[in-house]
1. Can you tell me which residues in the range 349-358 are of a type in the set (A, V, I, L, M) and either crowded, with 17+ Cβ neighbours inside 10 Å or not in a loop (DSSP other than H, G, I, E, B) (or both)?
2. Find all pairs meeting these conditions: Cβ atoms under 7 angstrom apart; at least six residues apart or on different chains; first residue within the range 438-464 and at pLDDT 95 or above and of a type in the set (A, V, I, L, M, F, W, C); second residue exposed (fewer than 15 other Cβ atoms within 10 Å of the Cβ) and in a strand (DSSP E or B).
3. Just one of the numbered conditions (1) farther than 30 Å from residue 178 by Cβ; (2) crowded, with 22+ Cβ neighbours inside 10 Å is not true of residue 395; which one?
4. Inspect the range 239-247 for any residue being at pLDDT 75 or above and in contact with a helix residue (DSSP H, G or I) (Cβ under 7 Å, 6 or more places away or on another chain) and give the result as yes or no.
5. Quickly run through the range 406-431 and pick out the residues that are out of contact with any helix residue (DSSP H, G or I) (no Cβ under 9 Å at 6 or more places or on another chain), at pLDDT 90 or above and more than 19 Å from residue 478 (Cβ to Cβ).
6. Does residue 87 satisfy the condition of being within 26 Å of residue 169 (Cα to Cα) and either at pLDDT below 95 or in contact with a helix residue (DSSP H, G or I) (Cβ under 7 Å, 6 or more places away or on another chain) (or both)?
7. Which of the residues belonging to the range 309-348 are without any contact (Cβ under 8 Å) to a residue 24 or more places away in the chain, touching a Ser or Thr at 6+ places or on another chain (Cβ under 9 Å) and surrounded by fewer than 16 Cβ atoms within 10 Å (Cβ to Cβ)?
Amino acid sequence: MITLDRSSGLGMQMVVLLAVVLTMALFAQTAQAAVFRVQQGSGATVPDGQSWDTAYPTIQAAVDATTAGDEVWVAKGTYTGVGAEVVNLKAAVTLYGGFAGTEAARDQRNRTSNITVIDGEKTRRCIAVTPPAVVDGFQLRNGAGYQGGGMNWGTAIHCLFDANQAAEGGGLFGGSATDCIFSGNVAEVDGGEMCGGKAVNCVFSANTASNPGWKGDLRGDGGGLYHGYAVNCFFFGNLAAINGGGMCDGQADNCIFADNSANWGGGASMVIALNCTFNGNRLVDHPHCECQPPESQNPVCTCEPVPLPGHYGALYSGKAANCIIWDNGADAVSSDCLVTYSCLSEVMEGVGNFASDPLFVEAAAHDFRLQSTSPCIDTGTAQWAPDGWAPVTDILGALRPQGVGYDMGAYEMSVVTVPDVSGLPRAAALEPITAAQLYVRNETEEYDPTVPDDHIIRQTPLANTEVPPHSPVDLVISKGPEPIPVPEVTGQLRDAAAASITGAALTVGTVTQEYSATVPVGTVISQTPAAGTPALPATAVNLVVSRGVRPSVVPDVVGQAQAQAESAITGAGLTVAGMTRIFNSTVAAGNVVSQSPAAGSELPAGTGISIVVSLGGMPVVEGEVEPMDADTAREKLDAALATADTNNDGRLSFAEAVAVLPGLTQSVFDTLDGDGDGQLSSDELGVKADSGCAGCRGTKTKLFGDVFPVLFSLFGLAAVAGVKRW
């Protein structure tokens with residue numbers, strides 16, 4: 001039961017199929033293949049498939065137009081049909097999927113981007129094949145049929161068989177599969193995924209050979225593959241009601257059986273296993289009718305089903321050489337199995353067998369490669385008499401042996417040296433890792449002040465470590481220095497703010513000043529970046545510092561009318577502190593002659609401004625024709641110094657001088673004011689220290705006596721004219 005029976009119906013069909021394939025291959029060398037195109041929703045008026053513009057809208061329409069050796073190119077989309085199958089494929093016709101609908105050459109297609117689905121809608125088979133024929137690049141879903149819900153016969157390449165159902169071969173019946181994935185398919189009898197044929201580089205996952213339990217026989221074999229030959233295949237999580245959770249009846253080279261389950265042989269049953277790995281396979285009980293009517297009658301059992309206990313978690317009734325059979329529960333291998341040169345959980349008779357942890361790289365992640373210290377390295381055999389030679393390559397295509405002897409299990413241990421990528425930019429690190437036949441598994445990020453952003457901080461495994469090919473490398477990538485929250489410094493005095501900034505490993509940037517009516521002088525009004533903003537070390541924080549209340553600028557009111565001048569002063573936030581009226585022949589009466597402080601001065605708001613307003617030209621005193629000159633004015637002011645100095649500061653202001661000498665003009669006053677300080681000192685009036693009391697001039701007494709009547713008359717005139725009108 002463990003070899004392909006060439007006398008059986010299925011075996012003879014395979015022989016015939018092989019002969020037809022060879023015949024058609026010779027035919028294909030002499031005939032020029034035609035290409036017919038299919039595009040879902042094609043609106044061609046007269047479709048002929050000769051271009052994408054004239055593509056057929058259905059796959060079957062294109063197939064009907066083909067002859068042996070032709071090709072059908074199918075654009076992406078989901079295709080359904082009517083009848084017993086969606087597509088009935090002719091012999092020696094190749095069906096290609098994965099086109100965008102623009103390609104001029106077959107190798108331009110992209111199966112990953114242009115998903116092409118044939119959907120049986122749970123009511124019909126996806127593809128029925130007249131051998132030989134090839135189906136390449138399709139997803140076959142929801143098919144239903146007696147033999148092969150997804151496809152029967154033919155060759156499947158790069159195909160996904162998903163959720164198909166049949167009595168035998170839920171996914172594929174009687175053909176061959178290369179680089180295919182079988183997932184979630186169900187067979188009520190045998191071969192949940194595939195029944196018969198050869199599978200190369202395929203994955204069988206979560207498929208079921210169910211046997212509902214109401215039939216009188218014990219069928220329900222091969223959750224993944226039944227009665228076939230598997231090379232470099234993965235069997236994960238498949239279920240068989242009776243025999244071989246992963247595979248039943250056939251031969252398996254370089255295959256992995258993990259987490260499968262069955263009533264007999266959780267991993268495989270009645271299989272020749274060469275360089276295979278069995279791990280985590282388990283047993284299930286199966287309800288069974290004890291009455292066992294003849295299979296030909298196949299009636300519904302009338303007796304009550306009883307549970308049938310499971311046996312042999314890894315392998316039942318087969319042969320194994322160079323295998324690893326580890327962690328498959330107690331009683332993992334039936335005693336009638338011939339096992340040699342294998343690593344087991346329990347000691348078992350057989351040449352080269354031993355019980356020891358195989359040291360998988362990471363079994364929990366289904367990484368069953370061997371660590372460098374594994375006892376399974378170099379302990380296998382090159383020849384397994386009488387059944388043949390061990391596989392010349394491993395499951396990944398690596399040549400055997402890599403060391404002094406063959407390794408056990410699906411992987412031949414070889415090592416590569418991990419390159420040193422620390423300090424490299426992330427993108428640059430990927431190239432040496434890939435070149436070393438490794439791959440990046442995990443990438444995490446960390447802050448690091450010494451490693452630039454997006455550069456490698458460290459790696460696992462370390463550089464120059466020897467690891468198996470296709471091992472993972474984990475990288476820690478720098479995010480650069482950790483950002484620092486900018487401290488809150490608004491409201492602080494400038495020096496305190498600077499200390500807070502430098503204390504946070506930042507720097508003080510540009511400091512500008514602004515007036516503020518609410519923030520005291522020297523205090524920070526605002527900052528950039530704002531408080532709490534993440535910033536790199538040494539980032540500059542710019543400050544705006546208060547200059548206090550904006551000062552008022554003294555307006556220039558000289559020459560303006562009094563009312564206009566006062567309005568300008570109060571409008572500038574200042575006040576009129578005093579006003580003096582004088583005669584001035586150069587400034588019109590009522591206009592400002594002078595101001596104090598001077599225009600343009602910056603003063604606190606509310607500061608008082610004094611102005612001098614012109615009375616116009618001085619009236620001419622009777623008997624006088626011209627204003628007095630500077631010498632006359634000096635002489636008269638000198639004589640009146642004691643009386644005119646009303647504030648007793650020893651000097652005369654212009655107002656004090658005019659009060660006693662109304663005929664005095666500003667220009668004459670300025671002439672006498674030698675130092676330009678706006679005050680007439682005793683020296684500027686000619687008073688000598690030795691002349692006696694101020695105002696008393698020995699040699700000038702007569703002059704003073706002569707002047708006094710004039711002054712008196714002037715005072716009287718001024719009074720009449722209303723000189724002091726404040």
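1. As a first pass, look at the range 349-358 and keep what is of a type in the set (A, V, I, L, M): 351, 355.
If the condition is that a residue be of a type in the set (A, V, I, L, M) and either crowded, with 17+ Cβ neighbours inside 10 Å or not in a loop (DSSP other than H, G, I, E, B) (or both), then 355 is the only one that fits.
2. From the range 438-464, the pairs are 457/446.
3. Answer for residue 395: the failing condition is (1).
4. Step one: filter the range 239-247 for residues at pLDDT 75 or above, giving 239-247.
Checking which are in contact with a helix residue (DSSP H, G or I) (Cβ under 7 Å, 6 or more places away or on another chain) leaves us with none.
Checking the range 239-247: not a single residue is at pLDDT 75 or above and in contact with a helix residue (DSSP H, G or I) (Cβ under 7 Å, 6 or more places away or on another chain).
5. Scanning the range 406-431 gives 406, 407, 408, 409, 410, 411, 412, 417.
6. yes
7. Scanning the range 309-348 gives 330, 336.
Residues checked against (1) touching a Leu at 6+ places or on another chain (Cβ under 8 Å); (2) in contact (Cβ under 8 Å) with a residue 40 or more places away in the chain; (3) closer than 30 Å to residue 548 by Cβ:
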{"position": "590", "(1), (2), (3)": "no, no, no"}
{"position": "609", "(1), (2), (3)": "yes, yes, yes"}
{"position": "612", "(1), (2), (3)": "no, yes, no"}
{"position": "616", "(1), (2), (3)": "no, no, no"}
{"position": "635", "(1), (2), (3)": "yes, yes, no"}
{"position": "643", "(1), (2), (3)": "no, yes, no"}
{"position": "648", "(1), (2), (3)": "no, no, no"}
{"position": "671", "(1), (2), (3)": "no, yes, no"}
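The values are calculated or read from the model by the stated rules, or taken from the named source; none is laboratory data. This is a predicted model, so every value here is computed, not measured. Cβ atoms come from the backbone with ideal geometry, glycine included; neighbour counts cover every protein chain shown.
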